[in-house]
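What follows draws every value from the coordinates through simple rules; no lab data is involved. Bear in mind that the values here come from a model prediction, so they are computed numbers and not experimental data. No Cβ is skipped: glycine too gets one built from the backbone with ideal geometry, and neighbour counts run over all protein chains shown.
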């Protein structure tokens, strides 16, 4: 039954054009199709090739998504959206090789004896697969289960809008070029236009040309991160979790993390501050990328020559910003019948893996607003209000983590003592942070609450309001910072030793794609 009020009133489906067929665009289309809208998706890239998801990872020219081959994961928030709305889609992901990693599966071995199932644990699971798998499975699902029309190789060159008495700008459609038909130009009109083009969006420029003011918050994360993909050798199982030598961590001057995928594939990301120019240059080389990775104990079980083979060269992504755009801030001209979802409106550092989850959440917020309200300006204001309520806390937490990371990386480069506090406030913050990390490694109930934040199933930081956690952390503070700081320090080279290591790599001069994974002297002595 069609419950869309606008459709019932006009006895026709309201038309929607979504620009961008990435994960956020597809979920927006699915959600609106199920609410009675007539949805067309415009995509500038070619469709997925007619092959397996694994083959698509290597062959699909997905130029419109800069992060296409970088690691992805569906966090608990995203998995809840799937379970509640598209349980059959989940089965298609699993058939394509995606894996479900439950909260119980992720509990470190030394805490497993404390584990007892609790309500809410079922919300904390992660879907692990490569983005190529996500997109090919999702695209096939959309075409088979919905009325959404997808038009590929269509580029948007501008917008069609009407300005009413200089008080309103009403979106009416798009100017298009068909790259598959000799660059044939056309216009497409619709009741609503939705921007799901992500970080490469041009809509803000086009709207400003019409006099629309867009309030934008933009903060540079000041990092570049590099990815290399691998596949475990035949018969080699995935390494077990090691709490003492984790496969994810932060050395201050370098963050790293293993992202398991589907079919024995996995990726390693190494994230570097913009100022670490020597490391950034070295990490572009396949052999040096692996050798740097091998200096970290938690990565060796994955990267050792007898465990895995590289399937790609290293590749990077930069220009990483936290962005929040408000399209309702114009005092002179109200913008009507246009909405931006996901990275086009709200963007966080992809290092935290929150983009797919917040994008899917944002898509369904918009679908609910559009199917509930009919007045164009009321829709815009309600979408803003719901976005502030449900997505803003995640954005703010990510931004705070970025700023802390920038300060820490600068301090490490300058050789500053990170444990030194010049005020009681700073001392308490450092002591509390160390005690929290130490307690979370010993106490499963704290680990569980932190994982709720990581999986976005509750607002970031809410667990710190728990009285039991507060008492436990304060008791750990009584042990002293020296003892607690041992839980914070990640195994790996100090920055001075890493610089010495780079000198050895440079003098060695080898640039073979498949690394000699032995450790040069500086790294071996430090290990």
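Annotations for the structure displayed:
- Cα long-axis angle, helix 495-508 against the chain (0 to 90 degrees, to the nearest 10): 90 degrees
- Sorted by Cβ neighbour density within 10 Å, fewest at the top, the residues 362, 373: 373, 362
- Spatial separation of Cα centroids for the stretch 445-489 and the stretch 258-280, in angstrom: 27 Å
- Helix axis angle, 392-413 relative to the chain longest principal axis, alpha carbon, degrees: 40 degrees
- Shape call, the stretch 184-247: gyration tensor on alpha carbons, a/c limit 1.5: prolate
- Each of the peptides 400-406, 251-257 was scored by the mean count of other Cβ atoms within 10 Å over its residues; in descending order, highest first, they stand as 251-257, 400-406.
- Eigenvalues of the alpha-carbon gyration tensor of the stretch 264-309, scaled by 5 and square-rooted, set the equivalent ellipsoid semi-axes at 21, 10, 10 angstrom, largest first.
- Mean-position separation - Cα centroids, the stretch 10-60 and the stretch 303-336, in angstrom: 20 Å
- With the simple model of a label 7 Å out from the Cα in the direction of the Cβ, residue 83 to residue 332 spans 5.0 nm.
- Gyration tensor (alpha-carbon) shape descriptor, the stretch 391-477, a/c threshold 1.5: oblate
- Linear extension gain, residue 385 paired with residue 464, 0.36 nm per residue minus alpha-carbon span: 25.9 nm
- Sorting 242, 262, 105 from the fewest to the most surrounding beta carbons within 10 angstrom yields 105, 242, 262.
- Going from the residue with the fewest nearby Cβ atoms within 10 Å to the one with the most, 26, 294, 477 rank 477, 294, 26.
- With a simple spin-label model that places each label point 7 Å from the Cα along the Cα-to-Cβ direction, the separation between residue 178 and residue 411 comes to 6.0 nm.
- Cα-based shape type of the chain, given that a ≥ b ≥ c are square roots of the gyration tensor eigenvalues and the cut on a/c is 1.5: prolate
- Put a dot 7 Å past the Cα of residue 104, heading toward its Cβ, do the same for residue 372, and the two dots end up 3.6 nm apart.
- Value at 222 nm in deg cm²/dmol, rounded to 500, when DSSP H runs of n ≥ 4 in the chain each add -39,500 (n - 2.57): -12000 deg cm²/dmol
- FRET efficiency for residue 11 and residue 483, using Cβ-Cβ distance with R0 set to 51 Å, rounded to 0.05: 0.10
- Cα centroid separation - the stretch 96-113 against the stretch 343-394, whole Å: 30 Å
- Label zone of residue 242 (point 7 Å out along Cα→Cβ, amide N under 16 Å): in the stretch 102-118 this covers 108-110.
- In the chain, the longest principal axis of the Cα atoms and the axis of helix 444-454 are about 40 degrees apart.
- Share antiparallel - DSSP beta bridges, the chain, percent rounded to 5: 75 percent
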